[in-house]
1. Report yes if Ser152 is surrounded by fewer than 24 Cβ atoms within 10 Å (Cβ to Cβ), without any contact (Cβ under 8 Å) to a residue 12 or more places away in the chain and in a loop (DSSP other than H, G, I, E, B), otherwise no.
2. Tell me, which residue of region 155-170 that is more than 14 Å from Ser99 (Cα to Cα) and in contact (Cβ under 8 Å) with a residue 60 or more places away in the chain is nearest to the chain's Cα centre (by Cα)?
3. Just wondering, is there one or more residues in region 98-115 that are within 18 Å of Asp237 (Cβ to Cβ), open to solvent by 40 Å² or more (accessible area, probe 1.4 Å), within 23 Å of the chain's Cα centre (by Cα) and modelled with pLDDT of 85 or more?
4. So, of the residues in region 29-62 that are aliphatic (A, V, I, L, M) and surrounded by fewer than 14 Cβ atoms within 10 Å (Cβ to Cβ), which turns out to be farthest from Arg14 (Cα to Cα)?
5. Scan region 118-135 for residues that are among the polar types (S, T, N, Q), open to solvent by 50 Å² or more (accessible area, probe 1.4 Å) and in contact (Cβ under 8 Å) with a residue 24 or more places away in the chain and report the count.
6. Checking Arg198 against (1) surrounded by 17 or more Cβ atoms within 10 Å (Cβ to Cβ); (2) at pLDDT below 95; (3) not in a strand (DSSP E or B), only one condition comes out false. Which one?
7. Spot the failing condition for Ala179; the list is (1) open to solvent by less than 10 Å² (accessible area, probe 1.4 Å); (2) small (Gly, Ala, Ser); (3) out of contact with any helix residue (DSSP H, G or I) (no Cβ under 7 Å at 6 or more places or on another chain), and only one is missed.
Amino acid sequence: MSPREDRLDRILARLDRDSTVGVEALSEELGVSLATVRRDLDLLEGRRLLERTHGGASRRNVDYDLSLRYKEAAATEAKAAIARVAIDRIAPGSTIGLSGGTTTFMVADALSQRDDLLHDLTIVTNAVDIANKLAVHPGIKVIVCGGVINTSSFELVGSFVDAVLRGIWLDLAFIGVHAFSASAGGTTANEDEAYVNRLMAQRADRAVVVADSSKYGRRSFASVGGTEVFGEIITDDSLGEAALGELTAAGFAVDLARTDRTGTEAGRR
């Protein structure tokens, strides 16, 4: 967890307990400047997690845990930042693979808003929600791998997917995972989805893991692959220096998508 994330969690915990907080008291408690506290409160207000007051903030009238709401909002923001960086890898006229998952869906969503890319593009996916998102754009050819649908993830798996993917080549594939680490690479909770994700990555000239930093350091049930499959990981800038060092030492190129900032830059290590 980054220093800022830790501060935001502590601010929300204080609000859970006391309902109101003051800028000066928070500055003393957190050991940061008044200006830093005000920026943190402004960010949380933008996420509709508190209401700014003169000299501080008060808890919004919500009926569930504020820290959980923060973590959910932060994860969405991180996925959106990752998606913006990912689509900068896409060249017009290329063939792109998108596995299922919330982060790859965000990639599809970001792509749908880029008019400069919405022509002469081919998307291959085993996720019906992603196919539905992109099918409305006449400039995109959408190829859906047939198969049996996993109703919990909207992903198609099985021998039909295998038959389609083995008959095509991709320029670039973005693969979502449930967890990733330097030692285990990318992993998912479902062995059928892991198989499809790995095959899609193997059919691409370049395969990129897209996953927010909260998934780092964990291992799920089924292996998708490590550096033998993926050359690159796009995650968010809350990853931490130690984790970044572990991934780069293992041979991954890591791009950190910037959150809470203007712009879509990433820093490759």
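The values are calculated or read from the model by the stated rules, or taken from the named source; none is laboratory data. Predicted model only: the values in this text are computed from it and were never measured. Please note: Cβ atoms are built from the backbone with ideal geometry, for glycine as well, and neighbour counts cover all protein chains shown. Just so you know, the surface numbers come from the protein's heavy atoms only, side chains and all, with ligands and any DNA or RNA stripped out. Shrake-Rupley method; radii C 1.70, N 1.55, O 1.52, S 1.80 Å.
1. Yes; evaluated as a whole, the condition is true for this residue.
2. Trp169
3. yes
4. First pass over region 29-62, keeping only residues aliphatic (A, V, I, L, M): 30, 32, 34-35, 37, 41, 43-44, 49-50, 57, 62.
Add one more test, that the residue is surrounded by fewer than 14 Cβ atoms within 10 Å (Cβ to Cβ), and what stays is 34-35, 62.
On the way: Leu34: 17, Ala35: 19, Val62: 15 Å.
The extreme case among them is Ala35.
5. Qualifying residue count for the region: 0.
6. In the conditions (1) surrounded by 17 or more Cβ atoms within 10 Å (Cβ to Cβ); (2) at pLDDT below 95; (3) not in a strand (DSSP E or B), Arg198 misses (2) alone.
7. (3)
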